[in-house]
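Peer 1: Before I ask anything, let me first share the structure, which is written out below as structure tokens.
The values are calculated or read from the model by the stated rules, or taken from the named source; none is laboratory data. The structure presented is a predicted model; accordingly, all values stated were derived computationally and were not measured. Virtual Cβ from ideal backbone geometry, glycine too; neighbours counted across all protein chains shown. Please note that ligands, DNA and RNA were not included when accessible areas were found on the heavy atoms of the full protein model with its side chains. Shrake-Rupley method; radii C 1.70, N 1.55, O 1.52, S 1.80 Å.
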Amino acid sequence: MPSARVERDTPTFIQSARRTQLVVAAIDTIAELGAERASLGKVAERAGVSRGVIGYHFGSRDELLDAVIAEVYAVGAREVGTGVVGAATPRDALSAFVSGSVAFYTKYPQHMQSLTAVFASGHQPRNDRGEHAAELLELDSILRRGIEAGQFRSMDTEIMCAIIRSILDVAVKKVAAGVDSELLAEEILHSVLAATGKADP
């Protein structure tokens, strides 16, 4: 039987819903004002609650920013992960990862603008986040499986992961600038598959 402390510390459905509401409000506020100007007061105003409500759910502004980062990555994992997990081959998984990422950037522009702003503010380096490391690990696994299956050429997978991640970082900016996301995804996918595929004999 759980202790009374565990019961108190376990958030209720209403508390979880409220936290989600506040995180979404923070995402929209940061996307509009930037991370530096998105004060707890501004977030509370957008959420239609008092600042004390935010203080109840998040101990500090840094904790709220951490929750914003975690939420964006969680949404991205859901949006992209289904296609990757369901892919029949490593090549299909890589295609799903690349195309799904661009589709995610297009579908959730506020999330991506907010995430970019938080990282740019110096709150925490992206490379220090476990979610970022997990994403690169998954991409590395796809590449290694593709090499073993004979679908990809022999390569330094760590370097290729960094290259693909850099290309997708450019894609975030391109999508934010309003380019055609379908054409963008097609161009990036063509480039990535050309870079990883085996040369014709």
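Peer 1: Which of the numbered conditions does I30 fail, given that it passes all the others? Conditions: (1) free of Cβ contacts under 8 Å to residues at least 24 places away in the same chain; (2) farther than 25 Å from I164 by Cα.
Peer 2: Condition (1) is where I30 drops out.
Peer 1: Turning to a different aspect of this structure: For the range 175-201, which positions are buried (at least 16 other Cβ atoms within 10 Å of the Cβ) and small (G, A, S)?
Peer 2: S181, A185
Peer 1: With the requirement that a residue be open to solvent by 50 Å² or more (accessible area, probe 1.4 Å) and either modelled with pLDDT of 90 or more or under 22 Å from S121 (Cα atoms) (or both), what does the range 3-38 give you?
Peer 2: Those that are open to solvent by 50 Å² or more (accessible area, probe 1.4 Å) and either modelled with pLDDT of 90 or more or under 22 Å from S121 (Cα atoms) (or both): R19, T20, Q21, V24, E32, E36, R37.
Peer 1: Please find, among V53, V43, V68, V49, the residue that is of a type outside the set (S, T, Y), over 30 Å from H190 (Cα atoms) and outside any helix (DSSP H, G or I).
Peer 2: V49
Peer 1: Kindly list, by first and then second residue, each pair from a residue in the range 62-73 that is more than 15 Å from S16 (Cβ to Cβ) to a residue that is among the charged types (D, E, K, R), limited to pairs with Cβ atoms under 6 Å and residues at least 6 apart or on different chains.
Peer 2: Between residues of the range 62-73 that are more than 15 Å from S16 (Cβ to Cβ) and residues that are among the charged types (D, E, K, R), the close pairs are Y73/E131.
Peer 1: Hey, another quick one. May I ask you to say which residue of R61, R78 is open to solvent by 50 Å² or more (accessible area, probe 1.4 Å), touching a Leu at 6+ places or on another chain (Cβ under 7 Å) and either closer than 29 Å to I14 by Cα or aliphatic (A, V, I, L, M) (or both)?
Peer 2: The conditions single out R61.
Peer 1: Check E63, E79, E32, E71 and return the single one that is within 30 Å of G146 (Cβ to Cβ) and of a type in the set (D, E, K, R).
Peer 2: E79
Peer 1: Ok, one more. Scan the range 156-174 and give yes if some residue there is modelled with pLDDT of 95 or more, open to solvent by less than 80 Å² (accessible area, probe 1.4 Å) and either of a type in the set (F, W, Y) or on the phi > 0 side of the Ramachandran plot (or both), otherwise no.
Peer 2: no
Peer 1: Take the residues in the range 82-123 that are touching a Leu at 6+ places or on another chain (Cβ under 7 Å) and hydroxyl-bearing (S, T, Y); name whichever of them is most open to solvent (accessible area, probe 1.4 Å).
Peer 2: S99
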